[in-house]
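Below is one structure, written out as structure tokens; comments come after it.
The values are calculated or read from the model by the stated rules, or taken from the named source; none is laboratory data. For clarity, every value in this text was computed on a predicted model and none was experimentally measured. Virtual Cβ from ideal backbone geometry, glycine too; neighbours counted across all protein chains shown. All accessible areas refer to the heavy atoms of the entire protein, side chains included, with ligands and DNA or RNA removed. Shrake-Rupley method; radii C 1.70, N 1.55, O 1.52, S 1.80 Å.
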Amino acid sequence: MNSLLHWQRTHPLVSICMKTKIYLLTEESGFFGQQMAPWESMDVARLRTQLEQSLDVEQVTYEDVACGRVQIREATVLHSSSQQPEYKAYIDDVLLYLHGLRNVLIPSIHMTRSHENKGYQELHRRLAGLPSLPSVYLAKRSAISEGQMRLPAVYKDLAGFGSGGVRLIETAAMLDQAARPDRVISLALLPRMIRRYIGNGIRRVMFNRRNLRPFGDYYKPLKRFVLQQFVPGATCDYKVLIFRNSAFVLRREVRDDDFRASGSGKFRFVEPSTDLLDYAKSVLDRFREPYLSLDIVQHGTTFHLLEFQGVHFGPYTVTKSPFHYELINGQWLKVSGEACLEDEVARAAKDFIGRNSSISNAA
């Protein structure tokens, strides 16, 4: 048993006065993504003030952790991510390290891995036991034959927003074109590649190394992608941002002569059905996260989760909505007025920590 937890249990009066410790993880500049643009930080001062109402907050940077200036072990860490690929990879390394030190990450390590990675989203969804549209996640076009495909289907590149990298596939030839990797080879590496190609051939012939794959086949460029079942007849989808018991809903109409709603610019805030709100809440609970951004489509009476993000997602649906919904005593109640993103994040994080602390204390 954690010694601090044991001490708190044996000193209940002191425990009441103590605040749970949380580390607020930011970039070196204090950036915590995101506000309206990916390169626009949330108001960290406001976020921290809201958290400090019930938590003991220590603000540190990814660099502090990576360089060993700060040691965090078996604690709670609230973090964001980045849209800059190289820095995101750096953040992912730091978070995996913190996960290895048995810290509670908010969002979870799996949700962070799902950020800008539609392939891992499919695996993460499966881990959570969430039903979904039939889909495959592949790194090679050759891994799926024409007989295994149900066309039309929706092709997705791993990263991208606003429908970027998403297209409708109606024939095997269209998939061949979409999944074709970019063949970019540095001229500086060309002589080395030629030498290895020749050397590989000599080994196969002279030393009977028949298990050697052709050099060119092994090192040829690949392109990961997702192929998801197409939902016909949809005229819109719903962007739902849900923070524990608060839900914000934006209806997005499909583009003219297209099947995609994301990035169409044809948005409007609507009064959603209770079924839609309940579905969004069930997804949040299944993932066990404090907040999520969900892309949901309705087909008949069934809802399908197209995509999701749990970190560094666009907040338009929160910041521009004239109303939202609160789940109070099992009922969704409409609340008019503008909301603040930082307040919603802080409130959801505090509620999430409180719920998990109750579970831990009861264990």
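Could you tell me whether region 66-76 includes any residue that is closer than 20 Å to residue 287 by Cβ and either of a type outside the set (A, V, I, L, M, F, W, C) or in contact with a Phe, Trp or Tyr (Cβ under 7 Å, 6 or more places away or on another chain) (or both)?
First, pick out the residues of region 66-76 that are closer than 20 Å to residue 287 by Cβ: 76.
Add one more test, that the residue is either of a type outside the set (A, V, I, L, M, F, W, C) or in contact with a Phe, Trp or Tyr (Cβ under 7 Å, 6 or more places away or on another chain) (or both), and what stays is 76.
Checked region 66-76: at least one residue is closer than 20 Å to residue 287 by Cβ and either of a type outside the set (A, V, I, L, M, F, W, C) or in contact with a Phe, Trp or Tyr (Cβ under 7 Å, 6 or more places away or on another chain) (or both).
Going by the conditions given, is residue 274 surrounded by fewer than 22 Cβ atoms within 10 Å (Cβ to Cβ), modelled with pLDDT under 95 and not small (Gly, Ala, Ser)?
Here the answer is no, as residue 274 does not meet what is asked.
In region 308-336, which residue that is of a type in the set (Gly, Ala, Ser) and in a loop (DSSP other than H, G, I, E, B) is nearest to residue 95 (Cα to Cα)?
To start, the set of residues in region 308-336 that are of a type in the set (Gly, Ala, Ser) comprises 310, 314, 321, 330, 336.
If we keep only those that are in a loop (DSSP other than H, G, I, E, B) as well, we get 310, 314, 321, 330.
Numbers: 310: 15, 314: 21, 321: 32, 330: 35 Å.
So the residue we want is 310.
Of all residues in region 221-242, how many are within 24 Å of residue 136 (Cβ to Cβ) and either at pLDDT 85 or above or surrounded by fewer than 14 Cβ atoms within 10 Å (Cβ to Cβ) (or both)? Working first, answer last.
Of region 221-242, the ones within 24 Å of residue 136 (Cβ to Cβ) are 221-234, 237.
From what is left, the residues that are either at pLDDT 85 or above or surrounded by fewer than 14 Cβ atoms within 10 Å (Cβ to Cβ) (or both) are 221-233, 237.
Residues flagged as within 24 Å of residue 136 (Cβ to Cβ) and either at pLDDT 85 or above or surrounded by fewer than 14 Cβ atoms within 10 Å (Cβ to Cβ) (or both) within region 221-242 amount to 14.
Can you tell me which of 348, 339, 280 is in a helix (DSSP H, G or I), in contact with a strand residue (DSSP E or B) (Cβ under 8 Å, 6 or more places away or on another chain), in contact (Cβ under 8 Å) with a residue 60 or more places away in the chain and not basic (Lys, Arg)? Walk me through how you get there before you give the answer.
Working: 339 fails: in a helix (DSSP H, G or I); 280 fails: in contact (Cβ under 8 Å) with a residue 60 or more places away in the chain.
After applying the criteria, what remains is 348.
Can you find, within region 248-270, the residue that is modelled with the highest pLDDT among those that are in a loop (DSSP other than H, G, I, E, B) and open to solvent by 70 Å² or more (accessible area, probe 1.4 Å)? Before you say what the answer is, go through the steps one by one.
Narrowing region 248-270 to residues in a loop (DSSP other than H, G, I, E, B): 254-266, 270.
Still in the list and also open to solvent by 70 Å² or more (accessible area, probe 1.4 Å): 256-257, 266.
On the way: 256: 66, 257: 67, 266: 80.
Selected residue: 266.
Can you list the strands (runs of 3 or more DSSP E) found entirely within region 41-132 that contain at least 1 residues being over 18 Å from the mean Cα position of the chain (by Cα), hydrophobic (A, V, I, L, M, F, W, C) and buried (at least 18 other Cβ atoms within 10 Å of the Cβ)?
On the way: elements: 55-61, 76-78, 104-106.
Fully inside region 41-132 and qualifying: 55-61.
Would you point out which residue out of 279, 316 is surrounded by 18 or more Cβ atoms within 10 Å (Cβ to Cβ), more than 30 Å from residue 139 (Cβ to Cβ), of a type outside the set (Gly, Ala, Ser) and under 20 Å from the mean Cα position of the chain (by Cα)? Outline the logic, then answer.
Working: 316 fails: surrounded by 18 or more Cβ atoms within 10 Å (Cβ to Cβ).
Answer to the check: 279.
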